[in-house]
Amino acid sequence: MNDTMKDLVRQLTAVQGPSGYEGLVRDVIRTQVEPLADVVRVDRLGNLHAVVRGQGSGLRVMVAAHMDEIGLMVTHVDEKGFARFTHVGDLWVATLVGNRFVFPNGAVGVVNVEKYEKRPRVENFDKLYMDLGASNGASCPVRVGDVATFDRSFLDLGARWVSKAMDDRLGCSILIEVMRRVGNQTPHEIHFVFTVQEELASQGAMTSAFSIQPDLSIALDVTGSGDLPGATPFPVVLGKGPVVRVSDRTTLVHPGVKGWMTRTAEAKGIPYQLEVIVGLASDAEKMQRSGAGSAVGVLSVPCRHLHTPSEMVDVDDVEHTVELMVALLAGLVDLERVG
Amino acid sequence: MERKVLLEQLSNAFGPSGDEGEVRELIAEAIRPHVAELQVDALGNVLARKPGNGYPLRVMLDAHMDEVGFMITYIEPSGLLRFGAVGGLDPRMLPGKRVLAGRSRVPGVIGLKPLHLATKDELTSVTNVQDLAIDIGAEDGDEAGQWVSVGDYAVFHTCFGQLGEAPSDGRSGRVKGKAFDDRVGCAVLVETLAGDYQVEVVGAFTVQEEVGMRGAHVAAFVAEPDLAVVLEGTVADDLPGEEGAPPSTRLGRGPAITLMDRSFVADRRLVDWLIETAEAEDIPYQFKRPNVGGTDGGAVNRSRAGVPTVALSVPCRYIHAPVAVMDLSDFWHTVELLRAALTRLPMAGEIGDGSI
């Protein structure tokens, strides 16, 4: 994996973009994809569409990676200057206490829980607060409705990378790299869509798919891994290649798409893993059912510590995912062949 | 004053989810002089169109007509009526309340075993909906069957009224009534449709919000708006025992702007549009506590290729209850804010690659 990719992941994960507030991420991606696409547009909800018109009579393909990340939204600032907040997306209370959050205006806050000296078990957001170092409400640098994300920088561990927003800036980065490598050498009309609000209910994928009406759609995201202490039995591990999804909490993947992915990986000698995951959903659910519907697949990168400030992925998995995606999009698709 | 009468009529009207006809008729009559086209769709939504002066921007204004209520599920041989909840009913609110049931709007009460006979457990716990019954005074099931059938609806029987002394302007003071969620939104929308705007306005009075935003789904699909404002009567919890916790909204502090609720994230550009309008026009406003409740915004926002959406609400204490309380100044400030905001359209700014 080259340093360009690492720099791209580092750059994209550093930007803030909680669900509904993806503008900063979109600006960075737009600069990257503008030279690579025939058409680039932003739709009303803020999805970024980059269309590559290939050569030949392939399918209309939508490939989606989501720009948004989990975060917090301020609900109240009290007279002492402490901020209360709620979650944007599925945030886990246990990851918050003692952690720092940063706002787009540069303000940083420390999260703690009421009566923390008694070490209470925290189950909901009502007892949490954020201390931004303000001496009173008037000097607090944030107001109701401001959004924040984890304040954590990119960590390069050599074979593995760690960031607050691998989910799904890694997917966005991979799509950009795939666009670079594929160029116009594809029989398909490919709509690379960088979607908004996946962490809420995939509103962006749903509305994008409605406007594109693809024949085939693929979600590119991160997924969990089963190689952690005490993990629920789950065969996906870091370093064993991209993950071809069979089913998840909300979607049964089109068997033809699954077969096409695994056949292509085998033909190119790219390692892959299969997953049946019950705890996750992705943009695929909404792409499958929007408008007249489409055949849907999910390709994902194994990721440890999902939805924490330190999401970890394996560098070889990233490269293999790029390679598999390039191979998939460069050739014709036969959805009739299931196996 | 006339509009206060409309609010009174709308509040008193019978209109549980799926049976909004009485509300629909009141609204149709009130808006007909002000709109170019009035359509009732297959689900019962009212879509009212004002073409504007040709500027190609269509704004959907949404308010739901339905209220929470009851559906009769079984008539006991004794004449008591078993029921199920239509929408989110709070079982703590039900015993001892008056209702109107069936097509003949027969009055009834929701009874409960008296204090003298209740066990200690019963006195300290909440009775489930399935253990309650409506008493319409029938001697037996046959007599009850002459008034109501299984599948008939009932709603709270509450008369709209002024609390305290009525200010002479009719634009302030507090009122009580049922179904302010969302008849106050309907009244705001009726009042807004009386204005004239550059942009095209589609007023959507929707059905079945309380059972899952069903009407708004199809209304937004048909209206195909460029942006939408959802009008609501929302939770005000400036109540005793709530000190310290951030209230959802407060009475008398002006219209509440939604940043995010459990059904959607408001488009920040539209939030800023409302804030800028309020500040320019010196209209008070507040933010609704983020992540509380759900609205038609959840359905409208993801319609077709997506609709930037915001919600604007009149704070109401005790919604989804037999009687709610609201401040008329909040109602009028909401109307003023919405009308002023619409007058500012089109304005500079970006919605995707197009301008609003």
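The values are calculated or read from the model by the stated rules, or taken from the named source; none is laboratory data. Everything numeric in this text was worked out from a predicted model, so none of it was measured. Don't worry about glycine lacking a Cβ; one is built from the backbone with ideal geometry, like all the others, and counts go over all protein chains shown.
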When residues of segment B:236-272 are limited to those that are out of contact with any strand residue (DSSP E or B) (no Cβ under 8 Å at 6 or more places or on another chain) and over 25 Å from residue B:318 (Cβ atoms), the one surrounded by the fewest Cβ atoms within 10 Å (Cβ to Cβ): B:272
Condition check for residue B:315: at pLDDT 95 or above, in contact with a Phe, Trp or Tyr (Cβ under 8 Å, 6 or more places away or on another chain) and surrounded by 24 or more Cβ atoms within 10 Å (Cβ to Cβ): no
Helices (runs of 4 or more DSSP H) contained in segment A:246-335 and holding at least 2 residues modelled with pLDDT of 95 or more and acidic (Asp, Glu): A:315-330
Meets criteria (more than 13 Å from every other protein chain (Cβ to nearest Cβ), closer than 19 Å to residue A:317 by Cβ and crowded, with 18+ Cβ neighbours inside 10 Å) for residue A:248: yes
All positions within segment B:152-182 that are modelled with pLDDT of 95 or more and hydrophobic (A, V, I, L, M, F, W, C): B:154, B:155, B:156, B:159, B:160, B:175, B:179, B:180
Positions within segment B:143-176 being on the phi > 0 side of the Ramachandran plot and either in contact with a helix residue (DSSP H, G or I) (Cβ under 7 Å, 6 or more places away or on another chain) or buried (at least 20 other Cβ atoms within 10 Å of the Cβ) (or both), in sequence order: B:170, B:173
All strands (runs of 3 or more DSSP E) inside segment B:39-132 with 2 or more residues being modelled with pLDDT of 95 or more and out of contact with any helix residue (DSSP H, G or I) (no Cβ under 7 Å at 6 or more places or on another chain): B:69-75, B:81-86, B:98-101, B:106-110
Boolean, residue B:252 is in a loop (DSSP other than H, G, I, E, B) and assigned by TED's automatic domain parsing to the domain that holds residue B:36: yes
Residue list for segment B:185-211, restricted to those being touching a strand residue (DSSP E or B) at 6+ places or on another chain (Cβ under 7 Å) and of a type in the set (S, T, N, Q): B:192, B:198, B:206
Search result, residues across segment B:238-259 that are more than 18 Å from the chain's Cα centre (by Cα) and under 23 Å from residue A:128 (Cβ atoms): B:238, B:239, B:241, B:242, B:243, B:244, B:245, B:246, B:247, B:259
Search result, residues across segment A:1-29 that are out of contact with any helix residue (DSSP H, G or I) (no Cβ under 9 Å at 6 or more places or on another chain), surrounded by fewer than 16 Cβ atoms within 10 Å (Cβ to Cβ) and modelled with pLDDT of 95 or more: A:7, A:24, A:27
